[in-house]
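Participant: Dumping the structure here so I can ask a few things about it.
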Amino acid sequence: MKKRTKRWLLLARNWGIFLGIVLGIWIIVKIARPNVNYALKDKYFHRRKLPELHEIVTTDYIEDLCNPDTEITFYDVAALQRGEAEGITYNDGLYILNDRYYIQGEDFLPLLETTSIDGYGDVTMVRGAAEALKKLLSAAEAETGEKFILGESYVKGADPAHDHGNDCYMLAYYEESEHVTGMGIDLLLADRDYRTYMKSPTAKWLQDNAWRFGFTVRYPFWEGEWTGVFFQPWHLKYVGQPHAAYMYLHRYSLEEYIAKTFSDKRWFFEDLDGEDGMTRTYVIFRQNAYDGKIYIPDTLHDVEVSFDNTYRYYYVTGIIAEKKTEIPEK
């Protein structure tokens, strides 16, 4: 047999062994860890598209945002936290808890409300989040035919019974959990544990649609370097729709979103089509508080304010313009 033929046969054999090993690993992962199997395919082979997110514009000066007639109102942060400003919601959606930044439950006093959701019971979350959750649950049931089971939302006090930390790099310790802020919610499925959760079409629907309602998957796959948690596809956090949309599109965890998106950008605009046929132009900007006050242009409405405890900024998100969405002709 010629040397060239032997080399080709040897090369083919080696490639066959290599592909066989890869195939074997994939089969083992698919059977033993279907959650990881889904996450790998989603991360590396699923191209996320958001036709509803049109344009991102950045600028450095408030003068580019406001015309000369725009009035600026200063608000006391403590009053915002108590919910005393009409049209402005303080919900700390961008507040970060992880293995580097954590608080005890009794030291954090979110502005909470309890909402009754038909078929699910009462849920306690920060203002605005429970109403958004109600819309998410209704859409999930209508579009998938399956209902979620509500897990923990707000948990008060440092109760050891709610400490879900373990040594498997899968779950967050209680004092690092979003549940102490009233921003987090676990959406579970009947007869599904954490390994088989992603085998459900309803779980897959959640990964691709939570952003529509202002929620982000708090612990995305392969983001443990940022979050300290490997993968929790059932755990959502309410951050508001424009933030959730951008995080979904770029596969950002909350930590990565804050670090990369706003590291060199003071003002941040984005147009987002809503399901009600309206296109809304959001403005997102950050600022330090001076004498316990922050400023908000009067041209903004549906304003949400959040404190970022990592960089110590207050983030203001509001709608500056909205118009009827133009549907292109077929």
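Participant: Kindly provide log₁₀ I(q)/I(0) values, in the same order as q = 0.14, 0.16, 0.17, 0.20 Å⁻¹, from the Debye equation applied to equal alpha-carbon scatterers of the stretch 183-328.
Facilitator: At q = 0.14, 0.16, 0.17, 0.20 Å⁻¹ the computed log10 ratios are -0.75, -0.94, -1.02, -1.26.
Participant: Which ³J(HN,Hα) values, rounded to whole Hz and listed in residue order, are derived for the stretch 229-241 from phi using the Karplus coefficients 6.51, -1.76 and 1.60 in 6.51 cos²θ - 1.76 cosθ + 1.60 with θ = phi - 60°, glycine and proline given as x?
Facilitator: Going residue by residue, I get 10, 5, 6, 9, x, 8, 9, 10, 10, 7, 10, x, 4 Hz, with x marking Gly and Pro.
Participant: Let me ask something else about it. Taking all protein chains as present, what is the carbon and sulfur share of the accessible area of the stretch 181-330, in % to the nearest whole number, probe 1.4 Å?
Facilitator: Details: 2930 of 5970 Å².
Here it works out to 49 percent.
Participant: Compare TRP226, TRP234 by solvent-accessible area with a 1.4 Å probe and give them largest first, with all protein chains kept in place.
Facilitator: Numbers: TRP226 75, TRP234 25 Å².
Ranking TRP226, TRP234 by accessible area, largest first, yields TRP226, TRP234.
Participant: I'd like the Karplus ³J(HN,Hα) series for the stretch 214-224: coefficients 6.51, -1.76, 1.60, θ = phi - 60°, whole numbers in Hz, and an x wherever there's a Gly or Pro.
Facilitator: x, 9, 10, 6, 5, 10, x, 5, 6, 10, x
Participant: So, one more: Amide H of ALA321 versus every other amide H placed in the peptide plane: which residues, excluding those fewer than 5 positions away on the same chain, fall under 5 Å?
Facilitator: So ALA321 has HN proximity to THR281.
Participant: Sorted by accessible area (1.4 Å probe), largest first, how do VAL217, VAL57 line up? Display every interim value, and only then the final one.
Facilitator: Values: VAL217 20, VAL57 60 Å².
Listed by decreasing accessible area, they come as VAL57, VAL217.
Participant: Whose amide H sits under 5 Å from the amide H of GLY182, counting only residues 5 or more places off or on another chain, with H placed in the peptide plane?
Facilitator: Under 5 Å from the amide H of GLY182 lie the amide H atoms of VAL155, each far enough along the sequence or on another chain.
Participant: Residues with amide H under 5 Å of GLY151's amide H, sequence separation 5 or more or different chain, H placed in the peptide plane at 1.01 Å from N; which?
Facilitator: Sorted by chain and number, the residues that satisfy this are ASP186, LEU187, LEU188.
Participant: Going from most exposed to least, what order do ASP271, ASP276 have by accessible area with a 1.4 Å probe? Could the numbers behind the result be given before it?
Facilitator: Details: ASP271 35, ASP276 85 Å².
My answer, sorted largest first, is ASP276, ASP271.
Participant: How fast does the stretch 274-330 diffuse by Stokes-Einstein, in µm²/s, taking the Kirkwood radius from C-alpha pairs at 20 °C and 1.002 mPa s? Before the final figure, lay out each step's value.
Facilitator: Numbers: Rh = 13.2 Å.
Estimated via Stokes-Einstein, D reaches 163 µm²/s.
Participant: Under the Karplus relation 6.51 cos²θ - 1.76 cosθ + 1.60, θ = phi - 60°, what is the ordered set of whole-Hz ³J(HN,Hα) values for the stretch 263-272, x standing for Gly and Pro?
Facilitator: Those phi angles translate into 5, 10, 10, 8, 10, 8, 10, 7, 9, 9 Hz.
The values are calculated or read from the model by the stated rules, or taken from the named source; none is laboratory data. Quantities reported herein were computed from a predicted structural model and do not represent experimental measurements. Ligands, DNA and RNA are excluded from the accessible area calculation, which covers all protein heavy atoms including side chains. Shrake-Rupley method; radii C 1.70, N 1.55, O 1.52, S 1.80 Å.
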